[in-house]
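The values are calculated or read from the model by the stated rules, or taken from the named source; none is laboratory data. No experiment lies behind these values; they were computed from the predicted model shown. Virtual Cβ from ideal backbone geometry, glycine too; neighbours counted across all protein chains shown. Side chains included, ligands, DNA and RNA excluded: accessible areas come from the protein's heavy atoms. Shrake-Rupley method; radii C 1.70, N 1.55, O 1.52, S 1.80 Å.
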Amino acid sequence: MTDLKKRIYDILNVNDPDDLTTKVVNLFLMVLIILNVAVFFIETTGSRFISHSIYWSFEVFSVAVFTVEYILRVWTCPLDIRYTDDLKGRLKYVTTNVLGVADLFAILPFYIAVMVPVIAPLDFRFVRALRLFRIFRLFKLARYSDSLDILERALIRQKVYLALTFAIQVVLLLLSSGLMYYIENDAQPEKFKNIFDSMWWGLIPLTTVGYGDIYPVTPLGKIAGGILTFVGIIVMALPIGIITTGLEEEIKLERKRKRRMMVEEVLLKDVRRIK
């Protein structure tokens with residue numbers, strides 16, 4: 001059983017890229033993920049060339065495969081040094097591993113949509129909305145991309161600084177919304193009738209996408225809007241700089257890791273030659 005567990009772990013985590021079984025299994029999973037995303041978009045076109053039964057059969061097959069994959073990943077995850085404890089390790093994997101969470105969200109909406117209406121009446125629109133979560137299957141492709149893996153590690157490395165910039169953006173949103181409410185409420189009571197409605201405008205200077213359907217008309221409001229737009233550009237640029245720094249650090253570490261692996265392979269060949 002231990003050997004089987006280790007074998008499954010190695011296959012799912014691509015520990016030996018040259019292994020034929022590993023190649024076949026992971027290529028099959030990659031193709032299935034891509035087909036799922038393609039079918040998700042094709043289904044929204046209402047194409048008459050593919051019947052609903054075919055869509056449903058493909059969905060059931062995909063969920064069955066992804067469910068087995070998820071169960072096997074949870075079963076074998078204690079072989080990873082980060083999740084060594086059987087129970088606590090698996091709980092940690094299920095709740096904290098980014099790709100593990102993506103795997104869960106790739107299948108969970110299907111079971112909710114199927115089981116919940118049987119247990120209790122549910123608004124059909126809610127059930128349809130759950131289908132949107134199938135797009136999470138796209139994140140499963142991150143397992144097969146070194147670039148996405150580096151990006152994930154960079155985001156995790158810089159999570160504290162990113163959280164700080166997000167907090168700054170939220171504070172700025174609240175301040176700009178409150179300020180604009182008190183400036184523009186008398187001139188435009190139907191648009192800036194409360195601070196919550198003003199938050200829609202508050203997002204504009206933060207994202208700098210244009211004023212949209214709400215904009216200041218008073219001289220003081222225009223001045224404040226111009227200043228907030230300028231500040232918003234600076235604040236929105238902060239996460240970009242943090243992510244860029246994290247990517248540079250991870251790329252350097254990845255290069256060092258590959259060089260170390262190359263040196264170890266050369267040394268191992270020399271040892272074998274001597275023997």
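Assuming THR22 fulfils every condition listed in (1) under 20 Å from ASP103 (Cα atoms); (2) open to solvent by 70 Å² or more (accessible area, probe 1.4 Å); (3) more than 23 Å from the chain's Cα centre (by Cα) apart from one, which condition is it?
(2)
Yes/no matrix, rows are residues, columns are (1) open to solvent by 40 Å² or more (accessible area, probe 1.4 Å); (2) among the hydrophobic types (A, V, I, L, M, F, W, C); (3) modelled with pLDDT under 85:
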residue	(1), (2), (3)
VAL39	no, yes, yes
HIS52	yes, no, yes
PRO109	no, no, yes
ALA113	no, yes, yes
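Find all pairs meeting these conditions: Cβ atoms under 6 angstrom apart; at least six residues apart or on different chains; first residue within region 57-77 and touching a residue at least 40 places away in the same chain (Cβ under 8 Å) and within 17 Å of THR22 (Cβ to Cβ); second residue hydrophobic (A, V, I, L, M, F, W, C) and assigned to a helix (DSSP H, G or I).
Hits for this filter: LEU72/ILE8; ARG73/LEU12; THR76/ILE8.
State all residues of region 39-81 that are more than 30 Å from TYR9 (Cβ to Cβ) and of a type in the set (Phe, Trp, Tyr); if no residue qualifies, say none.
Step one: of region 39-81, the residues more than 30 Å from TYR9 (Cβ to Cβ) are 41-57.
Hits for region 39-81 are PHE41, PHE49, TYR55, TRP56.
What about GLY202, is it farther than 30 Å from LEU155 by Cβ, of a type in the set (Gly, Ala, Ser) and either assigned to a helix (DSSP H, G or I) or open to solvent by 50 Å² or more (accessible area, probe 1.4 Å) (or both)?
Numbers: farther than 30 Å from LEU155 by Cβ: no; of a type in the set (Gly, Ala, Ser): yes; either assigned to a helix (DSSP H, G or I) or open to solvent by 50 Å² or more (accessible area, probe 1.4 Å) (or both): yes.
When the stated conditions are applied, GLY202 does not pass them.
Here are some conditions: (1) open to solvent by less than 30 Å² (accessible area, probe 1.4 Å); (2) among the hydrophobic types (A, V, I, L, M, F, W, C); (3) modelled with pLDDT of 85 or more. PHE166 meets all but one. Which one does it not meet?
Evaluating PHE166 over (1) open to solvent by less than 30 Å² (accessible area, probe 1.4 Å); (2) among the hydrophobic types (A, V, I, L, M, F, W, C); (3) modelled with pLDDT of 85 or more leaves (1) as the failure.
Taking only pairs six or more apart or across chains, which ones have beta-carbon atoms under 8 Å, a first residue in region 14-41 that is within 17 Å of ASP149 (Cβ to Cβ), and a second residue that is open to solvent by 60 Å² or more (accessible area, probe 1.4 Å)?
PRO17/LYS23; THR22/ASN15; THR22/ASP16; ILE33/LEU138
Suppose the filter is among the aliphatic types (A, V, I, L, M) and either in contact with a helix residue (DSSP H, G or I) (Cβ under 6 Å, 6 or more places away or on another chain) or surrounded by 15 or more Cβ atoms within 10 Å (Cβ to Cβ) (or both); does VAL31 pass it?
Working: among the aliphatic types (A, V, I, L, M): yes; either in contact with a helix residue (DSSP H, G or I) (Cβ under 6 Å, 6 or more places away or on another chain) or surrounded by 15 or more Cβ atoms within 10 Å (Cβ to Cβ) (or both): no.
In short, no.
From the list TYR215, TYR161, which one is open to solvent by 60 Å² or more (accessible area, probe 1.4 Å), at pLDDT 85 or above and of a type in the set (Ser, Thr, Tyr)? Lay out the reasoning, then the answer.
Values: TYR215 fails: at pLDDT 85 or above.
Every option except TYR161 fails the conditions.
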